[in-house]
1. Return a whole-number percent for the relative contact order of region 51-155, with Cα pairs under 8 Å and 6 or more residues apart as the contact set.
2. Sorting 148, 25, 93, 37 on the 10 Å Cβ count, fewest up front, what's the list?
3. Could you list 2, 14 so that the one with the fewest beta carbons within 10 Å of its beta carbon is first and the one with the most is last?
4. Consider the candidate values (i) 1.11; (ii) 1.01; (iii) 0.92; state which one is Rg/Rh (Cα atoms, Kirkwood Rh) computed from the structure displayed.
5. Taking 7 Å along the Cα-to-C-beta vector as the label spot, tell me the residue 82-residue 102 distance in nanometres, rounded to one decimal.
6. For labels at residue 28 and residue 55 in the simple 7 Å Cα→Cβ model, what's the distance in nm?
7. When a footprinting reagent is the concern and you count Cβ atoms within 10 Å, what order do 23, 89 take, fewest first?
8. Considering the chain as a Gaussian network with a 10 Å cut-off on Cα pairs, which listed residue, 44, 62, 75, attains the greatest mean-square fluctuation?
Amino acid sequence: MIEISYKKWPVLAIKNSDKKEIFFDTQTRQVLLEDFDASHPGEYEKWGNLLEVKEYTDLLFYKFLIDGKHVCIIYSDSFELKEEIVSFFWDVDVLIIIGTKDAVKIFENIEAKVVIPYGEGKDVFLNTLGQHSEPVKTFKVGADLDGDRTEFVNLEG
């Protein structure tokens, strides 16, 4: 089971079933696998978690395989959706995305089962999509994600 919460704002923590944590600083955009800085293009593996970091138009995109679930992090809404990057986002279980009105267009091109917007505009993102979920401190991703609908999560932070 994957657990996602704010470790301490503005740092999101993604914890796997072995209680190993991946940190994403939503302000500096730095991704850490414990103490390893994964903020560079390439493929990484730590504790059985796979991570691919792709550079596209001077931006980095993160895709993890954690406990059998694909987790993507998108921290920008200022890129053009071309096949080269859209194909990177296939089969997304959990999408962590900057919460802006422009990010809605990006989300609509990615079929994610769970969407977690972050940042000052996360309420705008959720409201644009007609979602009014109550804030939660922690979200747990279980084994049985519903493939027919998208669940929107409003993390307190």
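Read-outs throughout are calculated quantities, based only on the coordinates presented, and are distinct from any laboratory measurement. Computed from a predicted structure; not experimentally measured. In this analysis, Cβ positions are derived from the backbone assuming ideal geometry, glycine residues included, and neighbour counts consider all displayed protein chains.
1. Once normalised by length, the contact order is 20 percent.
2. 148, 37, 25, 93
3. Fewest to most other Cβ atoms nearby, the residues stand as 2, 14.
4. Recomputing Rg/Rh (Cα atoms, Kirkwood Rh) here picks out (iii).
5. Inter-label distance under the simple model: 1.7 nm.
6. 2.0
7. Values: 23 17, 89 20.
Ascending Cβ contact count within 10 Å gives the list 23, 89.
8. Maximum among the listed residues: 44.
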